[in-house]
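The values are calculated or read from the model by the stated rules, or taken from the named source; none is laboratory data. As the structure is a computational prediction, the values presented were derived from the model and not from experiment. Here Cβ is always computed from backbone atoms with ideal geometry, including for glycine, and neighbour counts include all displayed protein chains. With ligands, DNA and RNA removed, areas are computed over all heavy atoms of the protein, side chains included. Shrake-Rupley method; radii C 1.70, N 1.55, O 1.52, S 1.80 Å.
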Amino acid sequence: TILTDLGVLYHHAREMDRAREHYQRALALHRGLGDRRAIGRVLGNLGALHHDLRDVDEALNYYNQALVIFRELGDRRVEGLWLTNLGALQHERGSKADARQCLERALTLLEDVGDKRLAAIALGNLGALHHEERQLAHARKAHRRALRWIREVGDRRSEGLCLARLGAVSAEDGRL
């Protein structure tokens, strides 16, 4: 709905209070209508908002609620999207095993549905986890593969992130 879309716009503009207000209004509306897909979308966006605010408990709660809905709906692409975000959050909070599990599952789902952009983002996050664990060969391989996919879909912002991550791995490996 327009309320959710406005929430996304405010979120991208970093107007977090306005974004939260629109997401919450959209959530109430969709719950009243019983629209599970729309509810799941808003819950995932609320997870992302709280993730950006570093409110880990709320982000985990919303991401998990969204995942339940998209698993029930059988929407593997959106499930993969929210699993990628959840994996990044788990990595940030130091839960590496949980992060790996989320990211590997997200990658499988996103590859299966053919979404190269989102699969590359999941793979890049997995590469960052490998890097942190000093598995530099695995990290390099993940980032190179992610970079190929990102270039295929033309996402310049994500391409820059892939290149930076690949450069960091190369530098740490003494390949200046």
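For segment 1-39, a residue qualifies if it is open to solvent by 100 Å² or more (accessible area, probe 1.4 Å) and farther than 17 Å from PHE70 by Cα, and the qualifying residues are ILE2, LEU9, HIS12, ARG14, ASP17, ARG18, ARG25, LEU33. The set of residues from segment 1-39 being outside any helix (DSSP H, G or I), closer than 19 Å to VAL78 by Cβ and under 21 Å from the mean Cα position of the chain (by Cα) is empty.
Yes/no per residue for (1) under 18 Å from LYS96 (Cβ atoms); (2) open to solvent by less than 10 Å² (accessible area, probe 1.4 Å); (3) modelled with pLDDT of 95 or more:
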| position | (1), (2), (3) |
| --- | --- |
| ASP115 | no, no, yes |
| ALA119 | no, yes, yes |
| GLY124 | yes, yes, yes |
| ALA128 | yes, no, yes |
| ALA139 | yes, yes, yes |
| ARG144 | no, no, yes |
| LEU147 | no, no, yes |
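Total residues in segment 27-73 satisfying the condition of being among the charged types (D, E, K, R), out of contact with any Leu (no Cβ under 9 Å at 6 or more places or on another chain) and in contact (Cβ under 8 Å) with a residue 12 or more places away in the chain: the figure is 3. Of all the residues in segment 152-174, those that are outside any helix (DSSP H, G or I) and surrounded by 11 or more Cβ atoms within 10 Å (Cβ to Cβ) number 2. Checking the stated criteria, ASP52 turns out not to satisfy the condition of being open to solvent by 70 Å² or more (accessible area, probe 1.4 Å) and modelled with pLDDT of 95 or more. Count of segment 131-176 residues, restricted to those that are in contact (Cβ under 8 Å) with a residue 40 or more places away in the chain and either out of contact with any helix residue (DSSP H, G or I) (no Cβ under 9 Å at 6 or more places or on another chain) or among the charged types (D, E, K, R) (or both), is 3.
Put simply, of VAL78, VAL42 the only residue that is more than 19 Å from ASN125 (Cα to Cα), surrounded by 16 or more Cβ atoms within 10 Å (Cβ to Cβ) and in contact with a Phe, Trp or Tyr (Cβ under 9 Å, 6 or more places away or on another chain) is VAL42.
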